[in-house]
1. Please work out the Cα center distance from segment 148-182 to segment 59-134, rounded to the nearest Å.
2. At 0.36 nm per residue, and after removing the present C-alpha to C-alpha distance, how many nm does the segment from residue 11 to residue 170 gain when stretched out fully?
3. Tell me which DSSP H helices of the chain clear both cut-offs, 24 Å or more of axial length from alpha-carbon atoms and a mean Kyte-Doolittle hydropathy of at least -1.0.
4. Rounded to the nearest 500, what is the 222 nm mean residue ellipticity of the chain from helices alone, with -39500 (n - 2.57) per DSSP H run of 4+ residues and division by all residues?
5. Residue 141 versus residue 32, label points 7 Å from Cα toward the beta carbon: distance in nm?
6. Take every Cα pair under 8 Å in the chain that's 6+ residues apart, average their separations, divide by the length, and report that relative contact order as a whole percent.
7. Once label points are set 7 Å from the Cα along Cα→Cβ at both residue 67 and residue 196, what is their separation, rounded to one decimal in nm?
8. Can you tell me the order of 52-63, 96-107 when each peptide is scored by its average per-residue count of other Cβ atoms within 10 angstrom, highest first?
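Every number in this text was worked out from the coordinates using simple rules, so none of it is lab data. Here the structure is a predicted model, which means the values were calculated and not measured. Cβ placement follows ideal geometry from the backbone for every residue including glycine, while neighbour counts extend to all protein chains displayed.
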Amino acid sequence: MPTADATTEDEQVYRASAYSLLAALLRAPPDQALLDHLGQLSPSGDAEPDELYEAMRQVAETASEFSLEQLDDEYHALFIGIGRGEVMPYGSWYLTGYLMEKPLSDLRDDLRLLGFERSPDTHEPEDHISAIFEVFSVMIADGSSLEMQQNFFNKHMDSWLERFFTDLGKAGSAGFYRPVARFGAAFIELEKAYLSMRS
């Protein structure tokens with residue numbers, strides 16, 4: 001029987017991995033290695049078939065249904081487009097209706113306090129959803145306190161992620177990304193409950 005410490009450690013590994021996976025899916029079109037990984041995803045054998053369980057299963061099943069070229073086209077239609085994509089993956093956009101606004105400035109201030117530095121090779125602003133998920137994955141893996149995690153989540157994530165995943169799931173170009181949106185929404189809902197309970 002696993003100890004409480006082992007169970008807690010497993011929870012953190014799972015959480016960090018889920019954020020890292022979502023970051024990879026939202027950063028760029030999936031490559032073959034990521035698709036192969038997705039195809040092997042399956043909920044744990046003793047998991048109850050809830051929304052997160054079904055979303056994970058759907059992502060795993062869908063990963064084999066699209067070619068790399070189709071996924072590249074879908075990603076660009078959703079997030080890049082001609083001028084802009086169908087879905088804007090930026091916190092400032094969801095919170096103010098504009099890019100490069102105060103939410104991005106506030107996020108940059110907090111990232112500096114947490115010791116995160118922007119890579120000179122990075123072209124996207126820090127409030128891109130994939131960048132935020134990468135940061136949060138590192139915070140979990142590095143053992144940031146749950147209080148610190150909840151403060152960051154409440155300030156920079158909770159106010160817009162549900163709307164983002166709703167928009168992504170309803171986007172006309174979404175095929176592969178529809179179950180990804182379902183997975184992201186279910187995971188974030190679980191995270192809200194987890195952080196509230198743990199902290």
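1. Going from one Cα centre to the other spans 11 Å.
2. Working: separation 159, 0.36 × 159 = 57.24 nm, distance 3.04 nm.
Using 0.36 nm per residue and subtracting the Cα-Cα distance, I get 54.2 nm.
3. Details: long enough: 4-27 (34 Å, -0.08); 177-198 (30 Å, 0.05).
Those that pass (Cα extent of 24 Å or more, hydropathy at least -1.0) are 4-27, 177-198.
4. On the way: 10 runs with 131 residues, N = 199.
Calculated mean residue ellipticity at 222 nm is -21000 deg cm²/dmol.
5. 2.5 nm
6. Values: 192 pairs, mean separation 56.9, N = 199.
Value for the chain: 29 percent.
7. Placing both labels 7 Å beyond Cα along the Cβ direction yields 4.6 nm.
8. Details: 52-63: 18.0, 96-107: 15.3.
Packing proxy ranking, top to bottom: 52-63, 96-107.
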